[in-house]
Amino acid sequence: MKYEWKESANFKADVNKVKKELDCLGNDFSPHEIVEKAKNSKTELFKCFEWNNKKCGEKFRLDQARQLIRSIIIIPEKENIEIRAYESIIYNEKKCYVPTEIIIKDEDLYLQLVNGIIKSIKEFERKLKSYEYLNKNVKKLSEKIIVIREEFEQMNFFDN
């Protein structure tokens, strides 16, 4: 797998070294665990954080950890797409980040991911609905999104 920083990411560290260090945290980890590992100045993760306590504190670094984890993407060799390398889900009874490669192999974890996508589509539907009065094309788009979501909800993601 090839890993890269998302285009909007502003991290100076080597993404592949960061990925290896995150892998050492196991299959599920929290932003707090990322920050703890990054406190070691010999790690590549260290380069991803602001350590000047006059500029920021622990809560800011936790936000930096969340941003970091959302910024690592997988670039499949034969596809021209970006996939998040980690997703935030409930795993071992706690909310944490789990590698996407593990999620797609586990039906329960994958269904959590799918349900999160459906939730995002519903949020988009609500937003569109609030602007339907402005333009008839927004209403048409809103109706199409509803159809797409309903079809998506009916799909069986484990039939190949």
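Readers should treat all values here as calculations from the given coordinates under stated rules, not as data from a laboratory. Note that the coordinates shown come from a computational prediction; the quantities given were computed from them, not determined experimentally. With ideal geometry, Cβ positions are generated from the backbone for all residues, glycine too; neighbour counts draw on all protein chains shown.
Obtain the nm distance between the two label points defined at Glu7 and Lys139 by a simple spin-label model: each point lies 7 Å from its Cα along the Cα-to-C-beta direction. The answer from the label model is 3.4 nm.
How much length, in nm to one decimal, is gained on full extension between Arg66 and Asn53, taken as 0.36 nm per residue of separation minus their Cα-Cα distance? It would help to have the intermediate numbers written out before the result.
Numbers: separation 13, 0.36 × 13 = 4.68 nm, distance 1.86 nm.
Once the chain is fully extended between Arg66 and Asn53, it gains 2.8 nm.
Within a straight-line Cα-Cα reach of under 26 Å, Lys139 can be paired with the following lysines, leaving aside sequence neighbours fewer than 8 residues apart in one chain: Lys119, Lys122, Lys127, Lys129. Among 61-72, 26-37, 6-17, the peptide with the highest mean count of other Cβ atoms within 10 Å heads the list, and the full ranking is 61-72, 26-37, 6-17. In plain terms, the residue of Leu111, Leu128 with the fewest other Cβ atoms within 10 Å comes first and the most crowded comes last, giving Leu111, Leu128.
Just one of (1) 163; (2) 125; (3) 149 is volume of the Cα convex hull per residue in Å³ calculated from these coordinates, so which is it? Here volume of the Cα convex hull per residue in Å³ agrees with entry (1). The ranking of Thr100, Thr43 from fewest to most other beta carbons within 10 Å of each one's beta carbon is Thr43, Thr100.
Sorting the segments 83-95, 130-142 by their mean number of nearby beta carbons within 10 angstrom, highest to lowest, gives 83-95, 130-142. Cross-link reach is defined here as a Cα-Cα straight distance under 18 Å, omitting same-chain residues fewer than 8 places apart; for Lys17 the lysines meeting it are Lys2, Lys6, Lys37, Lys39, Lys42, Lys47.
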